[in-house]
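The values are calculated or read from the model by the stated rules, or taken from the named source; none is laboratory data. Since we're looking at a predicted model, the values are computed, not measured. We place every Cβ from the backbone using ideal geometry, glycine too, and count neighbours over all the protein chains shown.
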């Protein structure tokens, strides 16, 4: 954690924004937390100061901030974005995560759940709630899958486990006695199914599921 790391909270409900700021100030150190209430002021503050983390509500007085996320990501590629909103995770969660943000935290979440989400987010990782996982990794109209990894085939799980243990494409190919291109294809499928291109996200997902690397 870098001293002076700056967090910008964007919410047009002052009591919500101040409450979230208080939660961060009380439980985390070395963070400077700023608050604003509109898309226009957010864009101005992002220009004027170098923020590392952005906590963003969706529905603001001057528009829907969701439309601004791609532009913000293009201008500030290293900015971590957490959406903090009342909108439905089932309806908006998947679309938001497709924008490659760092997570979605419902305003209905308990204080303990909010602290977990903030800790993951402020550590630079991606927070995915149980409800959002259900929306992301289940099929519409079918029984919810018990694990986010249940979509992976047996071979993909083997490759996945070796990736988490630090195995490189060539090493995995030799161990499984297949071509390197085959392993590259499996890895591509794994990232696509899990909705990320980051090995650290995969490790976090495994930790959330209490999945032992030795089991894979």
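Here is a list: 47, 15. Which entry is over 30 Å from residue 206 (Cβ atoms), exposed (fewer than 13 other Cβ atoms within 10 Å of the Cβ) and at pLDDT 95 or above?
47
Among the residues of segment 78-101, how many are touching a helix residue (DSSP H, G or I) at 6+ places or on another chain (Cβ under 6 Å), under 18 Å from residue 21 (Cα atoms) and either part of a loop (DSSP other than H, G, I, E, B) or in the same structural domain as residue 192 (by TED's automatic domain parsing) (or both)?
Of the residues in segment 78-101, 0 are touching a helix residue (DSSP H, G or I) at 6+ places or on another chain (Cβ under 6 Å), under 18 Å from residue 21 (Cα atoms) and either part of a loop (DSSP other than H, G, I, E, B) or in the same structural domain as residue 192 (by TED's automatic domain parsing) (or both).
Could you grab me the full set of residues in segment 19-31 that are touching a strand residue (DSSP E or B) at 6+ places or on another chain (Cβ under 7 Å) and either surrounded by 15 or more Cβ atoms within 10 Å (Cβ to Cβ) or in a loop (DSSP other than H, G, I, E, B) (or both)?
Of everything in segment 19-31, those that are touching a strand residue (DSSP E or B) at 6+ places or on another chain (Cβ under 7 Å) and either surrounded by 15 or more Cβ atoms within 10 Å (Cβ to Cβ) or in a loop (DSSP other than H, G, I, E, B) (or both) turn out to be 20, 21, 24, 30, 31.
Looking at (1) touching a helix residue (DSSP H, G or I) at 6+ places or on another chain (Cβ under 9 Å); (2) at pLDDT 90 or above, which one does residue 132 not meet, given that it meets all the others?
The one condition residue 132 does not meet is (2).
Find the residue count for segment 52-99, including only residues that are in contact with a strand residue (DSSP E or B) (Cβ under 9 Å, 6 or more places away or on another chain) and either surrounded by fewer than 16 Cβ atoms within 10 Å (Cβ to Cβ) or farther than 18 Å from residue 134 by Cβ (or both).
Here the count works out to 24.
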